[in-house]
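Any read-out appearing in this document is the output of simple, stated calculations on the displayed coordinates, not a laboratory observation. The model shown is predicted, which means the values in this text are computed figures rather than measured ones. Glycine also receives a Cβ, built like all others from the backbone with ideal geometry; neighbour counts cover every protein chain displayed.
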Protein chains: 2
Amino acid sequence: MEAGLAGRSMKKSESTLHDVARRVGVSPRTVSRVVNGESGFSEATAERVQAAIEELGYRPNLLARSLITKRSNTIGLIGVSLTDPFFPEVAEGVQREASELGLTMFFATTDDEPDRLTAALDTMISRAVDGIIAFPVQADASPLVKAADDGVNLVIVHPAEPLPGINSISSDLKAGAIAAVEHLQTTGRSRIAYLGTSTRSPNKRATGYIAAVEGEPRIVTTAPTAEGGLAGTREILKRWPDIDAVFAYNDIMALAAIQVLNESGRAVPNDVAVVGFDNIELSSYVSPPLTTMDMDHVTLGAKSVRLLHSLIENPGKEPEQIVHPVTLQVRRST
Amino acid sequence: MEAGLAGRSMKKSESTLHDVARRVGVSPRTVSRVVNGESGFSEATAERVQAAIEELGYRPNLLARSLITKRSNTIGLIGVSLTDPFFPEVAEGVQREASELGLTMFFATTDDEPDRLTAALDTMISRAVDGIIAFPVQADASPLVKAADDGVNLVIVHPAEPLPGINSISSDLKAGAIAAVEHLQTTGRSRIAYLGTSTRSPNKRATGYIAAVEGEPRIVTTAPTAEGGLAGTREILKRWPDIDAVFAYNDIMALAAIQVLNESGRAVPNDVAVVGFDNIELSSYVSPPLTTMDMDHVTLGAKSVRLLHSLIENPGKEPEQIVHPVTLQVRRST
DNA sequence: GCATCTCGCGTCAACGTTGACGTAGTAGGG
DNA sequence: CCCTACTACGTCAACGTTGACGCGAGATGC
């Protein structure tokens, strides 16, 4: 209501509980009760306090609140890089679920450098996060293990190796591989090759393939890249020219396989069916669109928040290792 | 050194400056000085303090520190969704630069809902961020304007419309369009059509095209989607069958254009050259790989952090509108 | 009519840190 | 020998909030 040169950039000096209290003529403690919806105040005071809050543009200072309550309602998310194809999806799921649960999210990436992982953990812990979700990929997980031992609420998404005693959530890769092979079998394929990779020793996809395939497994291992896929597929055709299906370790390799199969005069899917793994975006754009296994990273992220939340709410809860199903995405390559 | 049932999950009770101080036999204030690298302590005490910090696993409580210093060394990043094709790149650039500057990042998405934008701003401000970067896309920017008026350090990336008095950073779309057209001209094309869209009124790309093209502009506007691209390109061919180049509003439309051109018996790039805009990932995988304009979102994100940082360090700094260049990515479609 | 309870507050201390200021002891200058 | 300056601390209050507790007034129970 004041005349003059108001407007423009009035840097509103943050007001506090005390300012509101003074305005209304009650104690700060009473304002605090109203703000937090506790009991112990009359309807009339509540209204006057609310009015004063509006007028002053009061916002609670969550730092001060957290300092005393020992709860910040924040969680941290640590990943490798947003240029990784899956991490944005995981982060999206984390963000959605966190927002749903009223949690604010810290975010950091490590580029798989152990020092940066340690640094990210340190700052987040120093900022009193209630818990941390990590999607560490290849990196050395020992800083994470140490944090968990220190009592930090921690959930690891897709740990590279099993970490007993630590909360984690992984995709059911073996079941996914079995589903892929079974899909090929039910669509009439019987000579199914596995275009695999040997980078990690106990490869769950390979295990699933071996469990599901009938007769002698046809396995070639190579690098998990486009080049590896090209070479590996040629090797497969040389060793078993009569195959009628290829199950690949990932979509990039599957696309390479399609290319080699076409070059060799085999039509996909008529002569040879191809199933990939990962459901990268590209796989729905190529011709023929690729049948593949989808890990549903968004849901994976959301689930990891729910797990973390249950840790926060139930201190001393026993660690849990959740497996998340992988679903078949049927397109035109099978 | 203690025997017994130690190990396992020793929830290390957070230690404070007081604990360290007691251990060393100095005052907390002295420990604080050592931790912050201030002056006023001897080399000997510093060493003993450091040792005690190690032993106790002391971490400064950044909430308490921020509460009193009024600086949190945190910034917030608000975007629409990580499923948006560009936001992860912006976020990656923001994260890298923030990490470089010692800033911790809050993160939130809005799905273009104004209420969620307001909510994200509110919590971040309540958590005393030093500044906020927003990548709002279509949403109503008024909550952002209000925040800026309240004195929040704010940088908007790619504001939908110019917001005078507010710090922003945008891609130089007009210059990009000019560069695209000039590239076509220098490679010998003279009858260049623009496959545009009419969603936003003063379209910078259209302006650039009109400025650079020689003779009468050939413009068709349609929806900025694959379907729009198909229909628009057919319209172009009907009206100007003799065109030798198409400049599209975005890559999706450019890819649709290539498809229609091929169907009409025109070879790309031999008969007609095509330039897109955005440099989406897909554009390097298609055949022929698409020549397009790259907005370099990672650098854009990094620059926005530097701008925000300068705001934080220089209170009262005049608002700045930065334009970031768009670069030509030549591939095989031209 | 008195004890008891509940409501609607207020008071005080504490969370872990740093800013402002004080001070004992030593060094150096004249 | 005194004054000044500096070093190496310590003390105290404050940041904005909430937990623990206290207390008077009115309602309720018997």
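Among B:Ile75, B:Ile68, A:Ile243, the ranking by other beta carbons within 10 Å of each residue's beta carbon, starting with the fewest, stands as B:Ile68, A:Ile243, B:Ile75. Distances between equivalent label points of A:Pro325 across the copies, with each point positioned 7 Å along Cα→Cβ, amount to 5.3 nm, shortest listed first. Other protein chain C-beta atoms within 10 Å of residue C-beta, averaged over A:63-70: 4.
For the cross-link pairs B:Lys146/B:Lys317; A:Lys174/A:Lys317; A:Lys204/A:Lys238; A:Lys146/B:Lys70; A:Lys174/A:Lys303; B:Lys70/B:Lys317, the ones whose C-alpha atoms lie over 22 Å apart are A:Lys174/A:Lys317; A:Lys204/A:Lys238; A:Lys146/B:Lys70.
FRET efficiency for B:Thr83 and A:Glu182, Cβ-Cβ distance as r, R0 = 30 Å, nearest 0.05? Calculated transfer efficiency: 0.50. From the square roots a ≥ b ≥ c of the eigenvalues of the alpha-carbon gyration tensor of segment A:17-60, which class results: rounded (a/c under 1.5), prolate (a/b over b/c), or oblate? Judged from the Cα gyration tensor, segment A:17-60 comes out rounded (a/c under 1.5).
Relative to the current alpha-carbon distance between A:Glu320 and A:Gln259, full extension at 0.36 nm per residue lengthens the span by 17.7 nm. Rounded, prolate or oblate: pick one for segment B:94-245, where a ≥ b ≥ c are the square roots of the eigenvalues of its C-alpha gyration tensor, a/c under 1.5 means rounded, and failing that, prolate if a/b is larger than b/c, else oblate. Here segment B:94-245 falls in the prolate category. Partner shielding of A:272-280 amounts to 0, given as the average count of beta-carbon atoms from other chains within 10 Å of each residue beta-carbon. Close amide H pairs (under 5 Å, H built 1.01 Å from N) link A:Thr291 with A:Gly276, A:Arg331, A:Arg332, A:Ser333, A:Thr334, residues at least 5 positions away or on another chain. Taking a ≥ b ≥ c as the square roots of the eigenvalues of the alpha-carbon gyration tensor, segment A:173-294 is classed rounded because a/c is under 1.5.
How far, in nm to one decimal, is A:Ser39 from itself in the other copies if the label point is set 7 angstrom along Cα toward Cβ? Shortest first, please. Spacings between copies for this position, smallest first, are 5.9 nm. Spin-label pair B:Ser32-A:Ala160: with each label point 7 Å from Cα along the Cα-Cβ axis, the two points sit 4.2 nm from one another.
If one computes the Cα centroid of segment A:10-66 and of segment B:66-86, what distance in Å separates the two points? Taking the Cα centre of segment B:66-86 as reference, the centre of segment A:10-66 is 26 Å away.
The mean number of Cβ atoms from other chains found within 10 Å of a Cβ in peptide B:112-124 is 1, as a whole number.
The value of relative contact order for segment B:194-334, using C-alpha pairs under 8 Å at least six residues apart, is 20 percent. Structural descriptor for segment A:67-129: relative contact order 47 percent, calculated from alpha carbon pairs under 8 angstrom and at least 6 residues apart. Applying 1/(1 + (r/R0)^6) with R0 = 41 Å to the Cβ-Cβ distance of B:Lys238 and A:Glu281 gives a FRET efficiency near 0.80. Label-to-label distance for B:Ile68 and A:Ala231 is 6.1 nm, based on points extended 7 Å past Cα in the beta-carbon direction. Pairs of Cα atoms nearer than 8 Å and 6+ residues apart set the relative contact order; for segment B:137-244 it is 22 percent.
FRET efficiency for the pair A:His18 and A:Glu113, taken as 1/(1 + (r/R0)^6) with r the Cβ-Cβ distance and R0 = 35 Å, rounds to 0.20.
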